[in-house]
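Heads up, the thing below is written out as structure tokens.
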Amino acid sequence: MRNEHLITAKQLSREDIETVLDRAAEIAADPSAVNDRHADTLLGLLFFEPSTRTKMSFEAAIKRLGGDVVDMGSVDSSSVSKGESLADTVRVIQGYADALVLRHPRQGSAKMASEFVDVPLVNAGDGAGHHPSQTLLDLYTMREANGLDDLTIGIMGDLKYGRTVHSLANALTNFDVRQHFISPESLQLPRSVRYDLHQEGASVREHTDLDEILPELDVLYVTRIQRERFPDENEYHAVAGEYQIDAETLEAASDDLTIMHPLPRVDEIAPEIDETDHASYFSQAHNGVPVRMALLDLLLSNEEGDAE
């Protein structure tokens with residue numbers, strides 16, 4: 001992965017994924033071993049949309065590797081507010097940093113931006129498109145709890161606009177898993193994503209009712225209904241709050257069910273679930289640091305595996 005861009009999970013083979021996850025496990029076991037591995041390295045953060053976990057974990061990751069960040073800051077305080085194009089913005093900021101992390105509301109923006117830079121660029125979310133680094137930490141969390149083969153996985157919520165869903169579904173085609181997608185009919189997987197999954201020979205089934213599949217699941221990946229993605233406010237209100245999990249819901253679940261969520265949540269998982277053995281979403285968020293440390297280390301290292 002040296003000096004490559006990471007734009008979509010479709011780029012990743014099973015070998016790529018396992019390389020990142022194995023490196024993340026090494027780092028998690030002994031973080032001090034890499035605390036100056038990328039000294040004097042600067043990571044450019046370009047976030048055109050709000051972010052807590054992704055932005056902070058990338059910042060924590062590069063700092064724990066001995067580097068630092070240069071942050072574009074808010075859109076309103078940058079030259080974007082003066083009309084500067086995304087292409088010009090990334091061309092300028094690549095001159096200040098050794099790698100870039102970009103979040104942008106327009107689908108396809110990361111791919112376009114990568115064509116204008118010579119340093120590694122990581123897509124941290126492009127509208128309703130993809131979020132591959134989130135997928136890597138999701139897979140790391142699954143592997144820690146259940147392994148990554150012979151799993152039955154339910155993905156529930158906003159499947160139409162959910163970029164974490166699109167990336168995860170694509171990455172899971174590298175493994176022996178059965179994917180079940182639970183959503184209102186109006187928020188089912190986009191046709192393009194379904195096509196990609198079928199082309200990869202994935203086992204995919206769609207449902208509107210969680211109860212019919214819940215007892216079979218090893219993992220339930222829950223997503224919020226993303227109000228900010230809906231072009232029509234009425235469409236959002238028609239489905240908001242439709243899928244919620246509480247203790248009563250889980251009476252039919254396996255004792256070993258792992259519940260994940262990319263966060264933030266609204267009301268789709270009741271707080272009473274937080275203290276159960278099912279809840280993995282906070283450790284999932286924390287896993288963002290070692291996984292993104294591993295990703296940055298691999299992107300920034302030279303052919304011999306040494307930091308540049």
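The values are calculated or read from the model by the stated rules, or taken from the named source; none is laboratory data. Being a predicted model, the structure only gives us computed values, none of them experimental. For neighbour counting, all protein chains shown are included, and Cβ atoms are generated from backbone atoms with ideal geometry for every residue, glycine included. Protein only, heavy atoms only, side chains kept; ligands, DNA and RNA dropped before computing areas. Shrake-Rupley method; radii C 1.70, N 1.55, O 1.52, S 1.80 Å.
Descriptive notes on the structure:
- Residues in the range 159-184 that a label on Arg14 would reach, taking backbone N under 15 Å of a point 7 Å out along Cα→Cβ: 171-178
- Probe 1.4 Å - accessible area at Thr152, Å² to nearest ten: 10 Å²
- Relative to the longest principal axis of the Cα atoms of the chain, helix 288-300 runs at roughly 40 degrees.
- Cα pair distances in the range 133-285, grouped into 5 Å bins until the bin that holds the longest one, percent each: 2, 9, 20, 24, 23, 14, 6, 1, 0
- Percent accessible area from carbon and sulfur atoms, the range 51-190, protein chains only, probe 1.4 Å: 43 percent
- The chymotrypsin sites (Phe, Trp or Tyr not before Pro) of the range 44-106 that meet both conditions, a loop assignment by DSSP and at most 16 other Cβ atoms within 10 Å of the site Cβ, are Tyr96.
- Accessible area in square angstrom per residue, the chain, 1.4 angstrom probe: 44 Å²
- Over the chain, DSSP H runs of length four or greater, each weighted -39,500 (n - 2.57), average out per residue to a 222 nm ellipticity of -10000 deg cm²/dmol.
- For the range 78-166, alpha-carbon Rg over 2.2 N^0.38 Å: 1.33
- Along its first, second and third principal axes, ordered by size, the chain spans 53, 44, 38 Å in Cα coordinates.
- Subtracting the Cα-Cα distance of Glu248 and Glu212 from their residue separation scaled by 0.36 nm leaves 11.5 nm.
- Approximate shape of the range 109-223 as ellipsoid semi-axes (Cα gyration tensor, √5λ), whole Å, largest first: 25, 17, 12
- Amide H to amide H distances under 5 Å link Asp71 with Leu45, where only residues 5 or more positions off or on other chains count and H is placed in the peptide plane.
- Pairwise label distance in nanometres, Ala270 with Ala60, each label 7 Å out on the Cα-Cβ vector: 2.9 nm
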